[in-house]
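What follows is one structure encoded as structure tokens, with my remarks underneath.
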Amino acid sequence: MSLDFLTVLLIVFVFLMYIYLYLVRSSVLIKGKKNRLVRVGASILALLMFFIAFTTDGTTNQLIRNILSALMLLSFNLDSKGLTEDRIITTPFDKSGTLYTDIEKIVLLKKADEIRMNYFKNGHRGPLMTFIIPLEEMIPFLAKRLNEETELSIIIDEENG
């Protein structure tokens, strides 16, 4: 059994990717709500890749690459976006995120059992993030971390909660 260079490179990449995703995940204090469709879709595709890997005849390199491909698909279930101690992480591969000190305005929309948050930086709107956390916990968390001049607007949707 000999692994070619690209297979070894893929093994190293997947290993480092999982370490990185774990580090980002551990730094997020308030995690954003995940899209269920992406999680289910990635899991189904990963199971399909595992099935293909173990049911087809091929070389050891092909088997390992199929398994690593399935692991890469499963990594979508590990992604974390949310609020850390000093920044907002909007994508799992952007550990630098947006610093609270750079934010000009945050808008919170309270709906039924979730909070939707949007922020503005340099006159541009950031991505919409959804959290399942009480508003009573979210406001003090943000108040401790935002600048004095940062505007914090709270909208409560009376119809949906």
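The values are calculated or read from the model by the stated rules, or taken from the named source; none is laboratory data. Fair warning: this is a prediction, and the values are worked out from it, not measured in the lab. Every residue, glycine among them, receives a Cβ derived from its backbone with ideal geometry; neighbour counts consider all protein chains shown. Keep in mind that these areas ignore ligands, DNA and RNA; they rest on the heavy atoms of the full protein, side chains included. Shrake-Rupley method; radii C 1.70, N 1.55, O 1.52, S 1.80 Å.
Brief remarks follow.
- Residues whose amide H falls under 5 Å from that of Glu104, counting only those 5 or more places apart or on a different chain, are Phe120, Lys121, Asn122, with hydrogens built in the peptide plane.
- A convex hull fitted around the alpha carbon atoms of the stretch 11-91 yields 74 Å³ per residue.
- Diffusion of the stretch 89-161 by Stokes-Einstein, at 37 °C in a medium of 0.692 mPa s and with Rh set to the Kirkwood radius over alpha-carbon pairs, works out to 255 µm²/s.
- Gaussian network model of the chain, Cα within-10 Å springs - most flexible of Glu114, Glu136, Glu151: Glu136
- Cα-centre dipole for the stretch 57-161 with unit charges at Cβ (Lys and Arg positive, Asp and Glu negative), debye to 20: 380
- Most to least accessible of Ser26, Ser75, Ser69 (protein chains only, probe 1.4 Å): Ser26, Ser69, Ser75
- Principal-axis tilt of helix 5-27 within the chain, Cα atoms, nearest 10 degrees: 20
- Listed residues Leu71, Leu109, Leu37, most fluctuating in the chain (Gaussian network, C-alpha, under 10 Å): Leu37
- Taking all Cα-Cα distances within the chain, those exceeding 18 Å account for 66%.
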